[in-house]
There are 2 protein chains.
Amino acid sequence: MSADPAVRREIPDATVARLPEYLRSLSRLAEQGVLSVSSEELSAAVGVRSAQLRKDLSHLGSYGVRGVGYEVDTLAFEISRALGLTQDWPVAIVGMGNLGHALASYSGFVTKGFRIVALFDDDPALRGETVAGVAIQPFRELRSRHGADPIAIGVIATPAAAAQTVCDELVEVGVRSILNFAPAVLSVPEDVDVRRVDLSTELQILAFHAQQKALAGLQPVGAAHALDGCVAHAADPEAVAT
Amino acid sequence: MSADPAVRREIPDATVARLPEYLRSLSRLAEQGVLSVSSEELSAAVGVRSAQLRKDLSHLGSYGVRGVGYEVDTLAFEISRALGLTQDWPVAIVGMGNLGHALASYSGFVTKGFRIVALFDDDPALRGETVAGVAIQPFRELRSRHGADPIAIGVIATPAAAAQTVCDELVEVGVRSILNFAPAVLSVPEDVDVRRVDLSTELQILAFHAQQKALAGLQPVGAAHALDGCVAHAADPEAVAT
DNA sequence: CTCACTTTGTGCATAGGTTCACAAACGTCT
DNA sequence: AGACGTTTGTGAACCTATGCACAAAGTGAG
Ligand SMILES: NC(=O)c1ccc[n+]([C@@H]2O[C@H](COP(=O)([O-])OP(=O)(O)OC[C@H]3O[C@@H](n4cnc5c(N)ncnc54)[C@H](O)[C@@H]3O)[C@@H](O)[C@H]2O)c1
Ligand SMILES: NC(=O)c1ccc[n+]([C@@H]2O[C@H](COP(=O)([O-])OP(=O)(O)OC[C@H]3O[C@@H](n4cnc5c(N)ncnc54)[C@H](O)[C@@H]3O)[C@@H](O)[C@H]2O)c1
C-alpha cells in the first residue's frame, strides 16, 4: 500500500500553512524577473529559517538543484499544484454585509484560481445589487445556483446567529469546505473542513503579548533592551546581502 | 522569584490562541444565566477535548472546583485578566478601503476592551468621512493623534505596497502590536509583535484539503469510511472537471 | 579530470503540543 | 462520620514541529 512510488505524501499541516507564503514570495520574484533562488534567500523573504523551508519543500519532492537553488517558475508551479491551485475553485459568499462586500470586491482571490460564482444575502434591500460582476441572490436560491455551477468553497459572513443554519444548508448541497468569519463554532460532519477567521481573537492574542511585555518591562527581569535604540530594522543576523 | 505566588506563569502560545474561544463560550453561557460549567460541557461547546481545556486552564491557575466544575463568571474574568482584556486597548486602523470600513464599523471589537481611537487614510476622497463616530484622518496626523491618546494596537488594511512604510511609522511612534491584513511580510524590531491575517492563505489551505479529499475519494486507499452515514444527503460527486 | 566551493535534502536532537489516565479533592446522601 | 459518585488538575506517554549539522550532489575553474 504505502510502498506506492507515487504515493500521496503526507504533507504536515504546519507545512501546508506556509506554502501559500512561499508561493506569494515566489510570484513576487517571478514578476521581478528572478529565475533562480536559494533556500537562504527565499526563507529570508518570508521570515523563516532556511532549514525549515528546505524541509517543507522536501515534502513536495526534490525540485531543487544542489549547489544552485530552486528555479522560481518550477517551484511556484509545484507548490501551486500541491495546494490544488492548478484547478478552479468556485466560491460562494453568504452574507453580504460590510465584510461580505469587502470580500466580494477583493481581487486577491481571483488570482489564485478562486472564482466567486455566487453571492447570497436574505436582506431584500440588497436584492439585485451586483458586486464585482456577480448578482446578490436570496439564500434560498442556493440549490438552483449550486446545480448550475457546483460550489466548492463556501464563505460565511453572516451574523453568528445565522451561521449554523447557513452552514447546514451549504453542507446539505454538498459544500465540503467552509471559511467562517462569524464568531461561532460550527458543527459539521467530519468530512467537512471548516476554517475560522476571527479578528477579535487575533486582537486578543496581541493584547495578551502586549500585556506580557508591559509586565516584563516593569520587572527588572532583563528588560534592559526594551528601550533600545529604536527602529533599526530587525535585520536578522543572516540577512543576506544583495 | 519563582516562589512568587502570583508569578507570571509561561502560558503556551497554543493555549493563548484558544483562550478567546473559551471566553466567548463562557460569555454566551453567562448570558443564558448558566452559573457553573464542567470541563466536559465547555470543551464540547468550543470543540476541543476536555483534557485540553483543563490543561489550558491550569496554566492560569486553579479556578475550578473538583466534583463541581467552574463558576462561569469567575472563569470568564480570569481568562479576561490573563488576556489583558481588563484594561483598555486603543486601536488605530490605517487604510480605510473596503476592509478598513468593515473593520471600523464592526462592533465585535468594542465589547472586549478594544476601542477604536483613530482611522487613517491618505485618499483625499475620504477626508472628513466619519465611521462609527471616528473621523478619517490623513496618515501624517499619526504623530499628533498618537500623542493625544497613545495607540496600543495598529491595524494595517492598506494595499501591500504601502504596508511596510505604514508599519515603520507606526513603530516609530511607539506602537508595539500590529495586526496586518496586507499580503506582505513586515520587517520589524524584535520587540514588536506582528500578526497577519490572510484570507487568501486560508482559502488555499481549504483548497489543499479539498484536493486531498478528492484524491483519496478516487483511490480505494481505505476510503471505505468516507461514505459513512454522516451525510445523509448525497452530494453531487466531486466534479473534477478541468 | 580534479579540486574547491555552493547548496540541497535529511538524519537526529530538541522543543512544544496533545491525549490518556488516574489520584486528589469536593459535594452529597445516608 | 463515612461511603460514593463526580470532576479537577497533572504526570507521563505519545505525537508533531523546529533547528542543527553534515553528507551527497551539483557547478565551474584550471
Ligand atoms: N465587519 C468586520 O470587520 C468583522 C470582523 C470580524 C468578524 N465579523 C463577523 O463577520 C460577520 C459579518 O460581519 P458584517 O460586519 O459584514 O455584518 P453585517 O451585519 O454588516 O452583515 C451581515 C449580513 O448577513 C446577512 N444575513 C443575515 N442572515 C442571513 C441568512 N440567514 N442568509 C443570508 N444572509 C444573511 C444580513 O442581511 C447582512 O447583510 C459577522 O458574524 C461578524 O461578527 C465581521
Ligand atoms: N477586501 C478584502 O476582503 C481583503 C481580503 C484579504 C486581504 N485584503 C488586503 O487588505 C488590504 C486592504 O484591502 P481593501 O480591499 O480594503 O483595499 P482598498 O484598496 O479598498 O483600500 C486600501 C486603502 O488604503 C489607503 N491607503 C493606501 N496607501 C495608504 C497609506 N500610505 N496610508 C494610508 N492609507 C493608505 C487607500 O487610500 C485605500 O483607501 C489590502 O492589502 C488587501 O490585499 C483585503
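Read-outs: derived from the displayed coordinates by stated rules, not from any lab. Predicted model, so just to flag it, every value in this text is computed and none were measured. Reconstructed Cβ throughout: ideal geometry from the backbone, glycine too, with neighbour counts over all protein chains shown.
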Within-14-Å neighbourhood charge of B:Gln164 [Cβ basis; K, R +1; D, E -1] = -1
Output row for A:Ser50: copy-to-copy label distances, label 7 Å along Cα→C-beta, ascending, in nanometres, one decimal, is 5.1
Take the Cα coordinates of the stretch A:1-127, assign each an equal point scatterer, and use the Debye formula without solvent to give log10 I(q)/I(0) at q = 0.10, 0.12, 0.14, 0.17 Å⁻¹.
-> -0.43, -0.58, -0.73, -0.93
Anchor B:Lys213: aspartates and glutamates whose Cα lies under 16 Å away (excluding residues fewer than 8 positions away in-chain) = A:Glu10, A:Asp13, A:Asp88, A:Glu190, A:Asp191, A:Asp193, B:Asp228, B:Asp236, B:Glu238
Which residues qualify? For A:Arg196, with a placed amide H closer than 5 Å and at least 5 residues away or on another chain, they are A:Asn180
Normalized C-alpha radius of gyration of the stretch A:13-83, against 2.2 N^0.38 Å?
-> 0.96
When the charge dipole of chain B is computed with +1 at the Cβ of Lys and Arg and -1 at the Cβ of Asp and Glu, the Cα pointing farthest to the positive end, of B:Pro150, B:His59, B:Ala17, is that of B:His59
Size of chain A along its principal axes in angstrom, Cα-based, largest extent first?
-> 57, 56, 40
Whole-Hz couplings from phi, Karplus 6.51/-1.76/1.60, listed for the stretch B:67-76; x for Gly and Pro = x, 10, x, 10, 6, 4, 4, 4, 5, 4
The protein assembly as shown, dipole about Cα centre (Lys/Arg Cβ +1, Asp/Glu Cβ -1), debye to the nearest 20 | 400
Pseudo-spin-label distance B:Ser58 to B:Ala14, built 7 Å along Cα→Cβ, given in nm, is 1.4
Taking a label point 7 Å out from Cα toward Cβ, give me the nm distances from A:Val68 to the same spot in the other copies, shortest first, one decimal.
-> 7.0
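Let me know the mean shielding of A:112-124 by other chains, meaning the per-residue number of their Cβ atoms within 10 Å of its Cβ. Each step should come with its number before you reach the end.
Values: counts 5, 3, 6, 0, 0, 0, 0, 0, 0, 0, 0, 0, 0.
Shielding by partners across A:112-124 averages 1.
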Give the nm distances, rounded to one decimal, from B:Glu129 to the matching residue in every other copy, measuring between label points 7 Å along Cα toward the beta carbon; shortest first.
-> 1.4
Over its Cα atoms, what ratio of radius of gyration to 2.2 N^0.38 Å does the stretch B:89-197 give?
-> 0.96
Distant-in-sequence amide H partners of A:Ile116 (H built 1.01 Å from N, under 5 Å) | A:Val91
Computed log₁₀ I(q)/I(0) - Debye formula, equal Cα scatterers, no solvent, the protein assembly as shown, q 0.07, 0.12 Å⁻¹ | -0.42, -1.31
